[in-house]
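Structure first, commentary second.
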Amino acid sequence: MTAVPLGSEGTQLASTGSASVRGRTVLIAGATSASGRAVARALLAAGARVVAVGSDQARLEALEADVPGVIGERADLTDADDVLELAMRVHARVGELDGVVHLVGGWRGGGGIPGQTEEDYRVVEHSFTALRHVSRAFWDDLLASTAGRITMVSSTTVEHPTAGGANYTAVKAASESWMRSLAQGFSKSGAPAAAVVFRVQALAGLEEQLAASVVELWNTDADASALNGTVTTLTP
Ligand SMILES: NC(=O)c1ccc[n+]([C@@H]2O[C@H](COP(=O)([O-])OP(=O)(O)OC[C@H]3O[C@@H](n4cnc5c(N)ncnc54)[C@H](OP(=O)(O)O)[C@@H]3O)[C@@H](O)[C@H]2O)c1
């Protein structure tokens, strides 16, 4: 695992662990995939309260059955009104959040530059749209928390784009840019909050490492200011 300031090379995050995620409330945006399940399990095991959001009621119910203790909430995170209603329900149900783990994804690629269709772009940009909506809806929570954290999973292709993955990588680059803006907002406010990007080449097999890294965002002695704006590449 390497952790670097956004856009530059650096060293691994310090992590000696006296702070804690115990008792904190974390929302997983796009929680019903294998990575969402792993993150939910790890956060619950570490004593956090977990709100799991997905767009499909049946998949959410399956998650709630698989991962006891998780609080399921259905919302289309690409719909701004749906996200505002979600925020109202979450606040009424569990109060303010300490963290957001953004996992909404989607992949379409292939066919070089001519193959980067408008239809495929509209599908992959859902993850960026959801990130914008969710981070705006819960921004005040993250600022008010004594340890606000927001994180997303990006791709190593941001550093090494390909013609066949242009749509996807452009969306991930935009999402990372949005995360840098969140980081600047946290920094400017003086809040003990951090926006952190994880990059992977492929997530399969790295779900547990991702989950542990998410828990570590709280279970670390590193100040929020040291975490804020970092990019951590997870490798097998
Ligand atoms: N898989 C990889 O190899 C890889 C590589 C690099 C980066 N990443 C990134 O890692 C993250 C997690 O990847 P993944 O493969 O586990 O994710 P994924 O299969 O894309 O699914 C993420 C979750 O998002 C939910 N979702 C999709 N659209 C939604 C919407 N409109 N509203 C609410 N929820 C929605 C899905 O559930 P519902 O369909 O039930 O709503 C699912 O639970 C993504 O951001 C992805 O881009 C993955």
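The values are calculated or read from the model by the stated rules, or taken from the named source; none is laboratory data. Computed from a predicted structure; not experimentally measured. Reconstructed Cβ throughout: ideal geometry from the backbone, glycine too, with neighbour counts over all protein chains shown. What goes into the accessible areas is simple: the full protein's heavy atoms, side chains included, and nothing from ligands, DNA or RNA. Shrake-Rupley method; radii C 1.70, N 1.55, O 1.52, S 1.80 Å.
Quick one: Ala191 ticks every box in (1) more than 12 Å from the ligand (Cβ to nearest atom); (2) in a loop (DSSP other than H, G, I, E, B); (3) more than 22 Å from Thr146 (Cβ to Cβ); (4) aliphatic (A, V, I, L, M) except a single one, so which number is it?
So the condition that Ala191 fails would be (3).
Looking only at the range 101-144, count every residue that is open to solvent by less than 10 Å² (accessible area, probe 1.4 Å) and not in a strand (DSSP E or B) and tell me the total.
Within the range 101-144, residues that are open to solvent by less than 10 Å² (accessible area, probe 1.4 Å) and not in a strand (DSSP E or B) number 9.
Could you say whether any residue in the range 120-142 is of a type in the set (S, T, N, Q), on the phi < 0 side of the Ramachandran plot and touching a helix residue (DSSP H, G or I) at 6+ places or on another chain (Cβ under 7 Å)? Give the derivation first.
Let us first name the residues in the range 120-142 that are of a type in the set (S, T, N, Q), namely 127, 129, 135.
Cutting the leftovers down to on the phi < 0 side of the Ramachandran plot gives us 127, 129, 135.
Within this subset, residues satisfying the condition of being touching a helix residue (DSSP H, G or I) at 6+ places or on another chain (Cβ under 7 Å) are 127, 135.
The answer is yes; a qualifying residue exists.
Looking at the range 202-223, which of the residues that are more than 16 Å from the chain's Cα centre (by Cα) and either crowded, with 23+ Cβ neighbours inside 10 Å or under 19 Å from Thr157 (Cβ atoms) (or both) is nearest to the ligand (Cβ to nearest atom)?
Our first condition is that a residue be more than 16 Å from the chain's Cα centre (by Cα); within the range 202-223, this holds for 204-205, 219-223.
Okay, now just the ones that are also either crowded, with 23+ Cβ neighbours inside 10 Å or under 19 Å from Thr157 (Cβ atoms) (or both), so 204-205.
Working: Ala204: 6, Gly205: 9 Å.
So, considering only residues that are more than 16 Å from the chain's Cα centre (by Cα) and either crowded, with 23+ Cβ neighbours inside 10 Å or under 19 Å from Thr157 (Cβ atoms) (or both), the one nearest to the ligand (Cβ to nearest atom) is Ala204.
Taking only pairs six or more apart or across chains, which ones have beta-carbon atoms under 6 Å, a first residue in the range 94-117 that is closer than 14 Å to Ser135 by Cβ, and a second residue that is within 16 Å of the ligand (Cβ to nearest atom) and part of a loop (DSSP other than H, G, I, E, B)?
Final answer for the pair search is Leu97/Phe138; Val100/Phe138; Leu103/Gly30; Val104/Gly30; Val104/Leu77.
Here's a check for you: in the range 53-80, which residue that is in contact with a Leu (Cβ under 6 Å, 6 or more places away or on another chain) and within 9 Å of the ligand (Cβ to nearest atom) is most open to solvent (accessible area, probe 1.4 Å)?
Within the range 53-80, the match that is most open to solvent (accessible area, probe 1.4 Å) is Arg74.
Check the range 41-50 and report whether any residue there is touching a strand residue (DSSP E or B) at 6+ places or on another chain (Cβ under 8 Å), open to solvent by less than 40 Å² (accessible area, probe 1.4 Å), at pLDDT 95 or above and within 9 Å of the ligand (Cβ to nearest atom). Can you show your working first?
At the first step, the residues of the range 41-50 found to be touching a strand residue (DSSP E or B) at 6+ places or on another chain (Cβ under 8 Å) are 43-44, 48-50.
After this cut, where a residue has to be open to solvent by less than 40 Å² (accessible area, probe 1.4 Å) as well, the list is 43, 48, 50.
Still in the list and also at pLDDT 95 or above: 43, 48, 50.
So of that shortlist, the ones also within 9 Å of the ligand (Cβ to nearest atom) come out as none.
No, because not a single residue in the range 41-50 is touching a strand residue (DSSP E or B) at 6+ places or on another chain (Cβ under 8 Å), open to solvent by less than 40 Å² (accessible area, probe 1.4 Å), at pLDDT 95 or above and within 9 Å of the ligand (Cβ to nearest atom).
Of the residues Leu84, Leu63, Leu143, which is closer than 26 Å to Ala202 by Cα and among the hydrophobic types (A, V, I, L, M, F, W, C)? Give the steps one after another, and end with the answer.
On the way: Leu84 fails: closer than 26 Å to Ala202 by Cα; Leu143 fails: closer than 26 Å to Ala202 by Cα.
When all the criteria are applied, what remains is Leu63.
Look at the range 170-193 and say how many of its residues are open to solvent by 10 Å² or more (accessible area, probe 1.4 Å) and not small (Gly, Ala, Ser).
7
Please work out which one of (1) within 14 Å of the ligand (Cβ to nearest atom); (2) in contact (Cβ under 8 Å) with a residue 60 or more places away in the chain; (3) small (Gly, Ala, Ser) is the condition Gly148 fails and give its number.
With respect to (1) within 14 Å of the ligand (Cβ to nearest atom); (2) in contact (Cβ under 8 Å) with a residue 60 or more places away in the chain; (3) small (Gly, Ala, Ser), Gly148 is out only on (1).
Among the residues of the range 58-85, what is the count of those that are in a helix (DSSP H, G or I), more than 17 Å from the chain's Cα centre (by Cα) and within 24 Å of Arg136 (Cα to Cα)? Before you say what the answer is, go through the steps one by one.
Start the filter on the range 58-85 by keeping residues that are in a helix (DSSP H, G or I), which leaves 58-66, 80-85.
Filter again for more than 17 Å from the chain's Cα centre (by Cα), leaving 58-66, 80-82, 84-85.
Now narrow it down to the ones that are within 24 Å of Arg136 (Cα to Cα): 60, 80-82, 84-85.
Selection size over the range 58-85: 6.
State all residues of the range 81-100 that are open to solvent by 60 Å² or more (accessible area, probe 1.4 Å), charged (D, E, K, R) and under 12 Å from Leu27 (Cα atoms); if no residue qualifies, say none. Talk me through it step by step, then tell me what you get.
Start the filter on the range 81-100 by keeping residues that are open to solvent by 60 Å² or more (accessible area, probe 1.4 Å), which leaves 81, 84-85, 88-89, 91-93, 96.
The next check asks that each one be charged (D, E, K, R); those that pass are 81, 85, 89, 93, 96.
Hit for the range 81-100 is Glu96, nothing else.
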